[in-house]
1. For the stretch 82-97, how many residues are outside any helix (DSSP H, G or I), of a type outside the set (F, W, Y) and surrounded by fewer than 21 Cβ atoms within 10 Å (Cβ to Cβ)?
2. Answer yes or no: is there a residue in the stretch 40-52 that is outside any loop (DSSP other than H, G, I, E, B) and polar (S, T, N, Q).
3. For residues that are loosely packed, with under 14 Cβ neighbours inside 10 Å and out of contact with any strand residue (DSSP E or B) (no Cβ under 9 Å at 6 or more places or on another chain), scanning just the stretch 98-112, find the one that is modelled with the highest pLDDT.
4. In this structure, is T112 farther than 18 Å from D21 by Cα and out of contact with any helix residue (DSSP H, G or I) (no Cβ under 6 Å at 6 or more places or on another chain)?
5. Among the listed residues D68, D108, D119, identify the single one that is of a type outside the set (S, T, N, Q) and assigned to a strand (DSSP E or B).
6. Determine the pairs where a residue that is within 12 Å of S2 (Cα to Cα), located within the stretch 108-123, has a partner that is in a loop (DSSP other than H, G, I, E, B) with Cβ atoms under 6 Å apart, the partner being 6 or more residues away or on another chain.
7. Would you check if P125 is of a type outside the set (S, T, N, Q) and at pLDDT 95 or above?
Amino acid sequence: MSSPADLKYTESHEWVRVHPDGTLTVGITAHAQEALGELVYVELPEPGRTLAQGEACAVVESTKAASDVYSPVAGEVIAVNPVLADTPQSVNESPFEQGWLFTIRPADPKATAAMLSADAYDNGPGA
């Protein structure tokens, strides 16, 4: 599965969707969820929590392993995906749509500028 071109990516396998209001929705890439296998549990950050860039802020757990999810930017968590509490496998079924993890208001509106494009991700960490 190739990564959607309208998203930004991190070396640690998170994707970021930039919204017109400057907020960012964050999830894990198809590559990451395939490596983990079927997810059985997702722990998300609390709305209102302030995160540092690169801070471990969520956990995705499969029958094979548990993995931290890192905040791609510094900022405040403003929403989490409520569907994942009951259906964590949504991340496997739809990693770029229904399987999003959280939305963050970045401290720096230009924070996504250094992130990877889909091509750079697919030919680098996501290869």
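The values are calculated or read from the model by the stated rules, or taken from the named source; none is laboratory data. Predicted model, so just to flag it, every value in this text is computed and none were measured. Cβ sites come from the backbone with ideal geometry, for glycine too, and all protein chains shown count toward neighbours.
1. Residues in the stretch 82-97 being outside any helix (DSSP H, G or I), of a type outside the set (F, W, Y) and surrounded by fewer than 21 Cβ atoms within 10 Å (Cβ to Cβ): 6 in total.
2. First, pick out the residues of the stretch 40-52 that are outside any loop (DSSP other than H, G, I, E, B): 40-43, 50-51.
In the following step, the residues that additionally are polar (S, T, N, Q) were identified as 50.
Yes, the stretch 40-52 has at least one match.
3. Applying the first criterion (loosely packed, with under 14 Cβ neighbours inside 10 Å) to the stretch 98-112 yields 108-110.
With the extra rule that they be out of contact with any strand residue (DSSP E or B) (no Cβ under 9 Å at 6 or more places or on another chain), the set shrinks to 109-110.
On the way: P109: 90, K110: 93.
By that ranking, first place goes to K110.
4. no
5. Numbers: D108 fails: assigned to a strand (DSSP E or B); D119 fails: assigned to a strand (DSSP E or B).
Going through D68, D108, D119 in turn, just one is of a type outside the set (S, T, N, Q) and assigned to a strand (DSSP E or B): D68.
6. Matching pairs, first to second residue: A118/S3; A118/A5; Y121/S3; D122/S2; D122/S3.
7. No, not satisfied.
This table checks each residue for (1) modelled with pLDDT of 95 or more; (2) under 20 Å from P109 (Cα atoms); (3) touching a Gly at 6+ places or on another chain (Cβ under 6 Å); (4) among the polar types (S, T, N, Q).
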site: E14; (1), (2), (3), (4): yes, yes, no, no
site: D21; (1), (2), (3), (4): yes, yes, no, no
site: I28; (1), (2), (3), (4): yes, no, no, no
site: R49; (1), (2), (3), (4): yes, yes, no, no
site: V60; (1), (2), (3), (4): yes, no, no, no
site: Y70; (1), (2), (3), (4): yes, yes, yes, no
site: A79; (1), (2), (3), (4): yes, yes, no, no
site: V83; (1), (2), (3), (4): yes, no, no, no
